[in-house]
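Colleague: Have a look at this one before I ask anything.
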Amino acid sequence: MKEITKKIRKEARKLLKDGRADLVIGYEQGSDEEVATPCFITDVSQVDRLVFDEHCYHNLAKYLVGQEGYLTSRFVAQEKRPRVAIVATPATMRSIVGLIQEHQFARDKLIILGILDGTLVGIEPDVVVGQIEEDQEKSARIQAQVREIEEMTASERWAWWEEQFSRCIRCYACRQVCPFCYCEQCISDENQPQWIGKSSSPENNRTWNIIRALHLVGRCTDCGECDRVCPVDIPLSLLAVKMAGEVEEAFDYKAGADVDAKPALHSFRPDDPDDFIR
Amino acid sequence: MTQEGETVQTADTKEQEDGYEPKLVAFLCKWCSYAGADLAGGGRIKYPANVRIIRVPCSCRIDPKLVVKALERGADGVLVSGCHPGDCHYTEGNYYTRRRMLMLFKLLEFLGLDPKRVQMSWVSASEGPKWAQVVEEITEDIKSLGPIST
């Protein structure tokens, strides 16, 4: 980890000094040693704030897109947008792949300081700054939980999810943290028509969570950020993993695996599964 | 027009008479399935009055949120219907629908909704009898399931 920090600082210093980048998005130490927090370095003198350790799990791709994103902000003229370098974990890189697939920005707008862990990322980082271990224990745990739910009866599943969603306080943290929720106006903020009721009632919570999950089908790269930030611990990763599995099975498509592929629900094959249709 | 005092039999009045009648919302593409339903009506083919038809320009117009919203607002079941593959008026709209709806159905099933409540069919403009049969079957399916327990 120390090595990675060193390499990141070295690369960041070089990029800023050479003027190849105006901004480096990375991690710095947070309020204590157990916390890392995203940081934004624009000056060579600040480069030593950058760190990398096991607490650096935030998906930094979020800062690139959307209304206030560095690469897409509509408040900043195109020629005034900074040239961005980003410290990217494998999850961040997969999100970047998805965003490029969806034409949010071009590959050459971004310098990726990539950290790899042997999992598939559909993009070549500009610089590989380090290797980390894949967290297999976590993904195995989520997979097991998905299977557990699949084995319940329909009414048990319904009751289980109702209980989970009933806790939702509609803080929209899941939306705010997701790099793929980059719409300028979220459907949940629309009033006419109001697709999703704003108060935190069982129906509204269910509708919100279903629609949120649907909007991420075939796009979600399962970085787990929504799950992590949820203040009431709704297991959103289960929906993500389940739907990623379905997309892969039905359409042979894996989000974040190929930057040149067309997103799953933006394309079709004439021989797609249709045995569910009357 | 009806005479004063006379009532038209709809799913709502039928429910008052015979107990539970499911509400089925059907989103139909205007080029095929809607015309198919029209043909069924024109041909005087009988099918349950439980279905409420909503005409859309193409099955591809049916955003999954429409289906979710219909269920939230009290529909007991939703049917999505469009042209057969290769017959889409806009060449390929129904292929996108097919992918989208499969994913919607899988998600709803995972959340515990009975897969019989949301269904999809291909009904062409000439398939009036098929339309009647589809509605018949789905209404039976949903009747046996009862209302959504919320």
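Colleague: Pop the C-beta distance of residue A:6 and residue A:194 into the FRET formula with R0 = 30 Å and round what comes out to the nearest 0.05.
Modeller: Efficiency, from the Cβ-Cβ distance: 0.05.
Colleague: In whole Hz, with x marking every Gly and Pro, tabulate ³J(HN,Hα) for the range A:122-127 from phi via Karplus 6.51 cos²θ - 1.76 cosθ + 1.60, θ = phi - 60°.
Modeller: x, 8, 8, x, 5, 9
Colleague: Could you work out, residue by residue across A:203-216, how many beta carbons of other chains sit within 10 Å of that residue's beta carbon, and then give the average as an integer?
Modeller: Per-residue shielding by partner chains comes out at 4.
Colleague: Multiplying the sequence separation of residue A:108 and residue A:138 by 0.36 nm and subtracting their Cα-Cα distance, what value in nm do you get?
Modeller: Difference between extended and current length: 7.5 nm.
Colleague: Out of all DSSP beta bridges with both ends in the protein assembly as shown, state the antiparallel percent to the nearest 5.
Modeller: For the protein assembly as shown, the DSSP antiparallel bridge percentage is about 20.
Colleague: Within the range A:159-223, report the GluC sites (Glu not before Pro) that DSSP leaves as loop and that have at most 10 other Cβ atoms within 10 Å.
Modeller: Within the range A:159-223, the qualifying GluC sites (Glu not before Pro) (loop, at most 10 other Cβ atoms within 10 Å) are A:184.
Colleague: Relative contact order for the range A:200-278: what percent, with Cα pairs under 8 Å and sequence separation of 6 or more?
Modeller: This gives 29 percent for the range A:200-278.
Colleague: If you rank B:20, B:47, B:90 by fewest surrounding Cβ atoms within 10 Å, what's the result?
Modeller: B:20, B:90, B:47
Colleague: Report the trypsin sites (Lys or Arg not before Pro) located in the range B:62-150 that are in a DSSP loop and have at most 12 other Cβ atoms inside 10 Å of their Cβ, or state none.
Modeller: Filter output for the range B:62-150: B:73.
Colleague: If amide H atoms are built 1.01 Å from N in the plane of the peptide, which residues on other chains or at least 5 residues away come under 5 Å of the amide H of residue B:54?
Modeller: B:26, B:27, B:28
Colleague: Report the rotationally averaged projected area of the protein assembly as shown based on its alpha-carbon convex hull, in square nanometres.
Modeller: Averaged projected area of the protein assembly as shown's Cα convex hull equals 24.2 nm².
Colleague: Quick one: Karplus J couplings for the range A:176-187, per residue in order, coefficients 6.51, -1.76, 1.60, θ = phi - 60°, nearest Hz, x for Gly and Pro?
Modeller: Once rounded to whole Hz, the list reads 5, 8, 7, x, 8, 8, 10, 4, 5, 10, 6, 4.
Colleague: List the relative contact order of the range B:57-129 as a percent without decimals, with contacts defined as Cα pairs under 8 Å and 6+ residues apart.
Modeller: About 39 percent, as a whole number.
Colleague: Give, as ranges by residue number, the residues of the range A:1-17 whose backbone N falls under 14 Å from the point 7 Å along Cα→Cβ of residue A:83.
Modeller: It comes to A:12-17, nothing else.
Colleague: Over 31 Å between C-alpha atoms is what I'm after, so list which of A:109/A:262; A:2/A:80; A:2/A:262; B:30/B:69; A:62/A:254; A:7/A:109 land there.
Modeller: The answer is A:2/A:80; A:2/A:262.
Colleague: Trypsin sites (Lys or Arg not before Pro) within the range A:1-75: which are DSSP loop residues with at most 12 other Cβ atoms inside 10 Å?
Modeller: A:20, A:74
Colleague: For the range B:56-129, what size does the Cα cloud have along each of its three principal axes, sorted from largest down, in whole Å?
Modeller: 33, 25, 18
Colleague: Let's see if you can work this out: charge +1 on each Lys and Arg Cβ, -1 on each Asp and Glu Cβ, no other charges. What is the dipole magnitude of the protein assembly as shown about its Cα centre, in debye to the nearest 20?
Modeller: Roughly 1320 debye, rounded to the nearest 20.
Colleague: What does the average come to when, for each residue of peptide B:60-71, you count the partner chain Cβ atoms lying within 10 Å of its Cβ?
Modeller: Mean partner shielding for this stretch: 3.
Colleague: Lysines within cross-link reach of residue A:6: Cα-Cα under 19 Å, excluding same-chain residues under 8 positions apart?
Modeller: A:14, A:17
Colleague: Taking amide H positions as placed 1.01 Å from N in the peptide plane, with prolines and chain starts having none, which residues 5 or more places from residue B:118, or on another chain, fall under 5 Å of its amide H?
Modeller: B:78
Colleague: Could you please rank A:221, A:207, placing first whichever residue has the fewest other Cβ atoms within 10 Å of its Cβ?
Modeller: A:207, A:221
Colleague: Obtain the nm distance between the two label points defined at residue A:22 and residue A:150 by a simple spin-label model: each point lies 7 Å from its Cα along the Cα-to-C-beta direction.
Modeller: 4.8 nm
Colleague: Would you give the gap between the C-alpha center of the range A:225-267 and the C-alpha center of the range A:180-223, rounded to a whole Å?
Modeller: Here the answer is 15 Å between Cα centres.
Colleague: Hey, with R₀ at 35 Å, roughly what FRET efficiency would residue A:128 and residue A:166 work out to, going by the Cβ-Cβ distance, to 0.05?
Modeller: 0.20
Colleague: Mind sorting A:243, A:93 by how few other Cβ atoms lie within 10 Å of their own Cβ, fewest first?
Modeller: In order of increasing Cβ crowding within 10 Å: A:243, A:93.
Colleague: Could you tell me the relative contact order of the range A:149-236? Use alpha-carbon pairs under 8 Å, at least six residues apart, and round to a whole percent.
Modeller: It rounds to 39 percent for the range A:149-236.
Colleague: In a shell of Cβ-Cβ distance under 11 Å around residue B:145, excluding residue B:145 itself, what net charge do Lys and Arg (+1) and Asp and Glu (-1) give?
Modeller: Net of charged neighbours comes to -1.
Colleague: Then there is this: What value in Å³ per residue do you get for the convex hull of the alpha-carbon atoms in the range A:189-254?
Modeller: Expressed per residue, the convex hull around the Cα atoms of the range A:189-254 is 103 Å³.
Colleague: Non-local amide H neighbours of residue A:88 (under 5 Å, H modeled in plane, Pro and chain starts lacking H): which ones?
Modeller: Those lying under 5 Å, H to H, from residue A:88 are A:113, A:114, A:115.
Colleague: Residue by residue through A:144-151, how many Cβ atoms from other chains fall within 10 Å of the Cβ on average?
Modeller: So the per-residue partner count for this stretch is 1.
Colleague: For the range A:133-278, count the residues as N, evaluate 2.2 N^0.38 Å, and divide the Cα radius of gyration by that value, please.
Modeller: Relative to the rule-of-thumb radius for its length, the range A:133-278 sits at 1.11.
Colleague: Say we join alpha carbon atoms closer than 10 Å with springs in a Gaussian network model of chain A; which of A:202, A:38, A:193 then has the biggest fluctuation?
Modeller: A:193
Colleague: Quick check on packing: order A:263-272, A:22-31 by the mean number of other C-beta atoms within 10 Å, highest mean leading.
Modeller: Final packing ranking: A:22-31, A:263-272.
Only the coordinates and a few stated rules stand behind these numbers; no lab work does. The shown structure was predicted, so the numbers you read here are calculated from the model rather than taken from an experiment. All Cβ positions, glycine included, derive from the backbone under ideal geometry; neighbour counts span all protein chains shown.
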